[in-house]
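To start, the structure under review is shown below, and the notes come after it.
The values are calculated or read from the model by the stated rules, or taken from the named source; none is laboratory data. Not measured: the values here are computed from a predicted model. Don't worry about glycine lacking a Cβ; one is built from the backbone with ideal geometry, like all the others, and counts go over all protein chains shown.
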Amino acid sequence: MNNLIQSEFCLAVHYYNLHQYDDAKQHIKVALSVTEGNPLKDHERSLLHTMLGEIYCLAQKIKRAFQHVDKAIQLNPLNYLAYAWKGRIHFIAYQFDEAKSAAKKAIEIEPMSCTAHSVLATVYDALNDIVDALSHYSIVIQRDPQNEPVKERIAILKQSQESFRQAREMTLKCQLPWDVHQWVLLGQLYDLEGNRVKAKEAFENALKLDPTHYIANNYF
């Protein structure tokens with residue numbers, strides 16, 4: 001029985017690495033089916049649950065994906081891939097704060113985790129936080145220089161940054177100091193550029209003119 005389980009574990013990892021997920025899933029289930037006297041160590045079973053979590057995540061089966069990554073973390077609290085995939089699953093479920101928290105936990109365990117930085121970059125990108133998105137995308141590229149989709153996304157974000165800079169300069173040229181809407185626009189553009197100090201100053205100036213302005217108040 002021990003040899004069978006070890007063989008199933010190896011086959012599961014093999015098919016998983018080939019992205020043949022249906023085959024991998026079958027071997028994982030066999031390897032995990034034996035509860036009494038299972039020769040696999042906790043970190044090995046944790047890896048199998050992580051793989052199942054990823055497989056179910058890719059299949060959009062969110063509830064089952066969560067169950068497996070949580071089990072993986074229970075078996076091995078230092079399994080950074082499980083935390084990274086938990087972040088990815090939270091992101092798919094539009095739970096951005098939870099996604100960031102899980103990905104940051106993965107990075108705390110393994111600072112150069114490509115998967116975790118990819119999750120954080122994607123979350124910040126979705127939140128229009130260009131600076132933080134670019135920061136994490138750049139780490140992904142350091143680890144995976146041939147990642148073309150990430151390269152393309154970096155190029156798009158940098159182009160957006162330049163567009164925001166040009167729009168901000170145009171706004172400054174025609175700015176009227178008593179126009180609250182221009183101060184708010186400046187704050188938004190500075191924020192999109194990642195200049196949070198200048199953004200804060202602009203929103204504060206807007207609030208001096210209109211203390212009830214919803215957008216300016218919502219920034220703080």
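Worth pointing out:
- In the range 199-220, the qualifying residues are those that are in a loop (DSSP other than H, G, I, E, B) and touching a residue at least 12 places away in the same chain (Cβ under 8 Å), and the one that is surrounded by the most Cβ atoms within 10 Å (Cβ to Cβ) is His213.
- Selection of the range 156-179 for residues being assigned to a helix (DSSP H, G or I), modelled with pLDDT under 75 and among the polar types (S, T, N, Q) yields only Thr171.
- Matching option when the condition is charged (D, E, K, R), more than 22 Å from Val123 (Cα to Cα) and in contact with a helix residue (DSSP H, G or I) (Cβ under 6 Å, 6 or more places away or on another chain), among Lys25, Lys41: Lys25
- Residues being outside any helix (DSSP H, G or I), surrounded by fewer than 16 Cβ atoms within 10 Å (Cβ to Cβ) and touching a residue at least 12 places away in the same chain (Cβ under 8 Å) - total across the range 98-140: 3
- Residue count, the range 139-155 (criterion: closer than 18 Å to Ser113 by Cβ and touching a helix residue (DSSP H, G or I) at 6+ places or on another chain (Cβ under 7 Å)): 7
- Residue within the range 180-198 that is among the acidic types (Asp, Glu) and loosely packed, with under 14 Cβ neighbours inside 10 Å present: no
Quick grid of which residues meet (1) of a type outside the set (Val, Ile, Thr); (2) under 20 Å from Trp85 (Cα atoms); (3) buried (at least 20 other Cβ atoms within 10 Å of the Cβ):
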position: Ile5; (1), (2), (3): no, no, no
position: Glu8; (1), (2), (3): yes, no, yes
position: Val13; (1), (2), (3): no, yes, no
position: Lys25; (1), (2), (3): yes, yes, no
position: Ala31; (1), (2), (3): yes, no, yes
position: His49; (1), (2), (3): yes, yes, yes
position: Phe66; (1), (2), (3): yes, yes, no
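- Flag for Leu11 being among the hydrophobic types (A, V, I, L, M, F, W, C), under 28 Å from Gln142 (Cα atoms) and part of a helix (DSSP H, G or I): no
- Residue within the range 39-60 that is farther than 20 Å from Asn3 by Cβ and not in a helix (DSSP H, G or I) present: yes
- When His19, His68, His27 are checked against the criterion of being assigned to a helix (DSSP H, G or I) and more than 19 Å from the chain's Cα centre (by Cα), His27 stands alone in meeting it.
- Of all residues in the range 32-46, at least one satisfies being on the phi < 0 side of the Ramachandran plot and modelled with pLDDT of 90 or more.
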